[in-house]
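Undergrad: Let me give you the structure first, and then I'll get to my questions.
Just so it is clear, none of the values below were taken in a lab; they were calculated from the coordinates. Treat the numbers as computed from the prediction; the structure is a model and nothing was measured. FYI the Cβ positions are ideal-geometry reconstructions off the backbone, even for glycines, and counts take in every protein chain you see.
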Amino acid sequence: MIPATVVFVYLGLVLYVGLFAFRKGTDSREDFFVASRSLGPWVFLLTVFGTNMTAFAILGSSGLAYQRGIGVYGLMASSSGLVIPLTIFLIGTRLWALGKKHGYLTQVQYFRDRWECDAIGTVIFVLTTLMMIPYVVIGMMGGGQTLESLSGGAVPYWLGGAIVGIVVMLYVFFGGMRGVAWVNALQTVLFLVFGAIAFVLISRSLGGFDSIVAKLAADPKTAPLLTRERVSPQEFFSYTFIPLSSMMFPHMAIMCLTARKVSSFKRTVIWYPICILLIWLPSVFLGIVAAQQFPGLKLGESDDVLLRLLSANTDVLVAGILGAAIMACVMATDSQIMALSTMFSQDVFAHYGGVRRYGEKAMVWMGRLFVIAIAVVSYALALTLKDVKSIFDLAIRFGFSGFAALAPVMLAALFWRRSTKWGALAAVLWVAATMIFLWWLQQYSNPLAPKPGQPPVNIFPALGSLFQRTPMNVTIHGYMPVMFMCLGSAALMVLVSRLTPPPSRATVEKFFPARR
């Protein structure tokens, strides 16, 4: 219980930071939901990065690297290091300017004004909420797995998930966005520093980097993990669409509204790729190392290989400290819960007359109550999905793919004055329909799933290789569905906008003023 006790101490520290933020805040909506747009450059950088690194980045990447090798780094980290800073620079800065000028607290508020339509905002709110919940669930699952593994089963999965859920719920409930930002800044520093320490300590315990790689290369079972053999070129290419999701994630869009100055984005764009390197490189490498030390783990079981390595190769106290760093990454889902609370308060409660009837304080309390509701629902789903095959798979299928396919909606709203509400609606409905279809196809093809390292199986033999099943995912001609989802969304946005009447001149001039 020593490692678990260290983690409990860390959870207490995090809770204190959130409660301290509550004492520094006010009951105004701008303070609770966007920290009065006052975050400085370093806190903004650490918060934006930390809010995008969850159990998916630490546990999911190492678990997938255990199964598929070094190519996992290329799938996500390399493309994300290029695409996400670019979207922060092009999209984040424009959202910040519009939010400050017009008082927006969510992207849906902007969409409603931009396309002169209440309904499209409600549709986007419902769809993004449904796609965000699995992302929050991943945090609950990661918390349960971390405490269960570090305590050797003394803290069961259900209790570990509950403890993490309660701590996150409390500091979000009281501290609001300021509490989330301060906690995320602390957590980001923690898992960046201790991730590097874990890499060094485990490598030294196993004989050093050179020795580890030599042993992996000499073993026929692990040698393929040092190559791109288990990652096809089609899959590698289609994964470059995944980082487009970053600015359609509500928590990322809302986080961009919290910066004190636009100059804060410059530092974030520069340092973001470096931070990705510092997180993903040790996680992926240690996942491969675990394939030799703990052979034979199945999908899902491999999500805790990093924790197994800590327990087996470090002192119990050190394992607890490093486990707290992993917990810091797992708990980054606080920003997703905060984003859902903000969206509900602004896009539903306030938009449909709640503020006029009950006042601004009531809106803040509705946001807090929604925090509790989301935490309870997410925890229940985390218990239901305990046996899901992979955290990485869950995130890609139900989180990143859907939000990446919504990227054309955001780009059209910000940069194409001719885009219309009907084009946006068509793109949103396309994303919803493809998500439902792919979920059904995934469930239908589960019995056909090959084992890791085996070739994909045709789901419908009459259609040839159109739909194939890999150990984890459904592919289309070998490509990840996200590519076709993005291209279809963009095509519908353009085509339907061209066929429908443009927004009014007043709206166009409001968001695209003529240069003088």
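Undergrad: In what sequence, highest mean first, do 152-159, 409-416 appear when ranked by Cβ atoms within 10 angstrom?
TA: Working: 152-159: 14.4, 409-416: 20.0.
Per-residue mean Cβ counts within 10 Å order the peptides as 409-416, 152-159.
Undergrad: Also: Apply the Karplus parameterisation 6.51 cos²θ - 1.76 cosθ + 1.60, with θ equal to phi minus 60°, to every residue of the stretch 79-91 and state each ³J(HN,Hα) to the nearest whole Hz, in sequence, with x for glycine and proline.
TA: 5, 5, x, 9, 6, 5, x, 5, 5, 4, 5, 7, 9
Undergrad: Suppose only helical runs count, i.e. DSSP H with n ≥ 4. What mean residue ellipticity at 222 nm does that imply for the chain under -39500 (n - 2.57) per run, divided by all residues and rounded to the nearest 500 deg cm²/dmol? It would help to have the intermediate numbers written out before the result.
TA: Numbers: 24 runs with 345 residues, N = 516.
Helices in the chain give a 222 nm mean residue ellipticity of -21500 deg cm²/dmol.
Undergrad: Moving to a separate point now. Using each residue's phi in the stretch 244-259, evaluate 6.51 cos²θ - 1.76 cosθ + 1.60 at θ = phi - 60° and report the 3J(HN,Hα) Karplus result to the nearest Hz, with x for Gly and Pro.
TA: 4, 5, 4, 8, 9, 5, x, 5, 6, 4, 5, 4, 5, 7, 8, 5
Undergrad: Another question about this same structure. Taking a ≥ b ≥ c as the square roots of the eigenvalues of the Cα gyration tensor of the stretch 252-318, is the shape rounded (a/c under 1.5), prolate (a/b larger than b/c) or oblate? Show your work: numbers first, answer last.
TA: Details: a/c = 2.99, a/b = 2.65, b/c = 1.13.
Verdict is prolate for the stretch 252-318.
Undergrad: Relative to the present Cα-Cα distance, how much length would full extension add between Trp416 and Ile270 at 0.36 nm per residue of separation?
TA: Details: separation 146, 0.36 × 146 = 52.56 nm, distance 2.72 nm.
Length gained, Trp416 through Ile270: 49.8 nm.
Undergrad: Next up: Compute the normalised compactness of the stretch 2-401: alpha-carbon radius of gyration over 2.2 N^0.38 Å, N being the residue count.
TA: Details: Rg = 20.6 Å, N = 400, 2.2 N^0.38 = 21.4 Å.
The reported ratio for this selection is 0.96.
Undergrad: May I ask you to list the lysines whose Cα is less than 17 Å away from that of Lys298, ignoring any residue fewer than eight positions away on the same chain?
TA: Partners within reach: Lys221, Lys386, Lys389, Lys451.
Undergrad: Also, quick follow-up: Which order do the peptides 285-294, 223-232, 495-504, 99-108 come out in when sorted by mean C-beta neighbours inside 10 angstrom, highest first? It would help to have the intermediate numbers written out before the result.
TA: On the way: 285-294: 22.2, 223-232: 16.4, 495-504: 14.4, 99-108: 20.0.
Descending packing order for the listed peptides: 285-294, 99-108, 223-232, 495-504.
Undergrad: What distance in nm lies between label points placed 7 Å from Cα along the C-beta direction at Leu86 and Leu429?
TA: 3.1
Undergrad: Based on the mean of other Cβ atoms within 10 Å per residue, sort peptides 129-138, 110-119 so the most packed one is first.
TA: By packing density, highest mean first, the sequence is 129-138, 110-119.
Undergrad: What residues have an amide H closer than 5 Å to that of Phe467, excluding those fewer than 5 places away on the same chain, when H is modeled at 1.01 Å from N in the peptide plane?
TA: Ile459, Phe460, His477
Undergrad: Relative contact order, percent, of the chain when contacts are C-alpha pairs under 8 Å separated by at least 6 residues?
TA: Values: 892 pairs, mean separation 149.8, N = 516.
This gives 29 percent for the chain.
Undergrad: Run the paramagnetic zone check for Ala154: 7 angstrom along Cα to Cβ, then residues of the stretch 290-322 with backbone nitrogen under 16 Å.
TA: The answer is 311-312, 315-321.
Undergrad: To continue, here is another question. Report the charge-dipole magnitude of the chain in Debye, nearest 20, computed about the Cα centre from +1 at each Lys and Arg Cβ and -1 at each Asp and Glu Cβ. Intermediate values should be presented prior to the final figure.
TA: Working: 39 positive and 21 negative charges, 334 e Å.
For the chain, the charge dipole is close to 1600 debye.
Undergrad: Right, another one. If each of Ala506 and Ser263 carries a label point 7 Å out from its Cα toward its Cβ, how far apart are those two points in nm?
TA: Between Ala506 and Ser263, the label points sit 3.8 nm apart.
Undergrad: Starting from the Cα-Cα distance between Phe209 and His477, subtract it from 0.36 nm times their residue separation and give me the gain in nm to one decimal. Each step should come with its number before you reach the end.
TA: Numbers: separation 268, 0.36 × 268 = 96.48 nm, distance 3.79 nm.
Full extension from Phe209 to His477 adds 92.7 nm.
Undergrad: Something else about it: Under a crude label model (7 Å from the Cα following the beta-carbon direction), how far is Phe294 from Lys451 in nanometres?
TA: 2.0
Undergrad: Quick one: length gained pulling Val193 to Ala373 fully straight, 0.36 nm per residue minus the C-alpha distance? Walk me through the numbers before you get to the answer.
TA: Details: separation 180, 0.36 × 180 = 64.80 nm, distance 3.37 nm.
Once the chain is fully extended between Val193 and Ala373, it gains 61.4 nm.
Undergrad: Follow-up. Farthest toward the dipole's positive end in the chain, which of Ala328, Met177, Val189, given Cβ charges of +1 (Lys, Arg) and -1 (Asp, Glu) about the Cα centre?
TA: It is Met177.
Undergrad: Pop out the ³J(HN,Hα) list for the stretch 123-134 in order, Karplus 6.51 cos²θ - 1.76 cosθ + 1.60 with θ = phi - 60°, rounded to Hz; leave Gly and Pro as x.
TA: Per residue, the Karplus-derived 3J(HN,Hα) values read 4, 5, 4, 5, 5, 5, 5, 5, 7, 7, 4, x Hz.
Undergrad: Arranged by the count of other C-beta atoms within 10 angstrom, fewest first, what order do Leu86, Leu98, Leu463 take?
TA: On the way: Leu86 15, Leu98 20, Leu463 10.
Listed from fewest to most nearby Cβ atoms, that is Leu463, Leu86, Leu98.
Undergrad: Using the number of other C-beta atoms within 10 angstrom as an exposure proxy, rank His351, His251 with the fewest first. Write out the running numbers ahead of the final one.
TA: On the way: His351 18, His251 25.
Ascending Cβ contact count within 10 Å gives the list His351, His251.
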